[in-house]
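Quick notes on the structure that follows.
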Amino acid sequence: MLDILKTFLGEITKQNNSQHPFDDDDVRLAAAALMFHIIAVDGQVDANERDKLHELLCATYNLSNSEASELMALAQVRDEEAVDLYSFTSVLKRKLEIDDRIHLVKLLWEVGYVDGRLHEFEDNAIWRIAELLGVSSRDRLEMKHKVANTYKDKPKHNN
């Protein structure tokens, strides 16, 4: 009887996992959820922010457009369900080397600056995420300045 129950639960789990290729312990999902959190933390998610997130997911994880769209949708759901950032940062800290975590912080700055300005909520959220990822203040600020310099001459969008 117990074996039948185990088999049944295993089949249900397989069916649920086959609906999307990104499980809860997937680095791509954790990173995408954090990136979505940054674009949503100021209360407004515009098309430029969504486009930038989509572009970064495709480029960073070598995803097709449909895979990136699926990942974005799932990341949005996970971010909206999350009670804190730890559920995402713990996966990333456990599975990524420090250089990859620093690169992720750079990506967070990129989505934060895409609308031409950095909202104080975005700045604070990236600071908290970097701390949870074990990224030093020096590295966090270095990535911030690199990204900010690429956006300094671009027109600012009013939110």
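We did not get these values from a lab; they are worked out from the coordinates using the rules stated. Only a predicted model underlies this, so the values are computations on that prediction, with no experimental measurement involved. Cβ sites come from the backbone with ideal geometry, for glycine too, and all protein chains shown count toward neighbours.
Neighbour counts of C-beta atoms inside 10 Å place 89, 60 in the sequence 60, 89, starting with the fewest.
Cβ-to-Cβ counts within 10 Å put 95, 52, 152 in ascending order as 152, 95, 52, the fewest first. Going from the residue with the fewest nearby Cβ atoms within 10 Å to the one with the most, 37, 119 rank 119, 37. Look at the alpha carbon pairs under 8 Å that are at least 6 residues apart: their mean separation over the length of the range 27-151 gives a relative contact order of 34 percent. One chain, two ends: residue 64 and residue 152. Fully extended at 0.36 nm per residue, the span grows by 28.7 nm beyond their Cα-Cα distance.
Once both labels are positioned 7 Å from their Cα atoms along Cα-to-Cβ, the gap between residue 127 and residue 82 label points is 1.9 nm.
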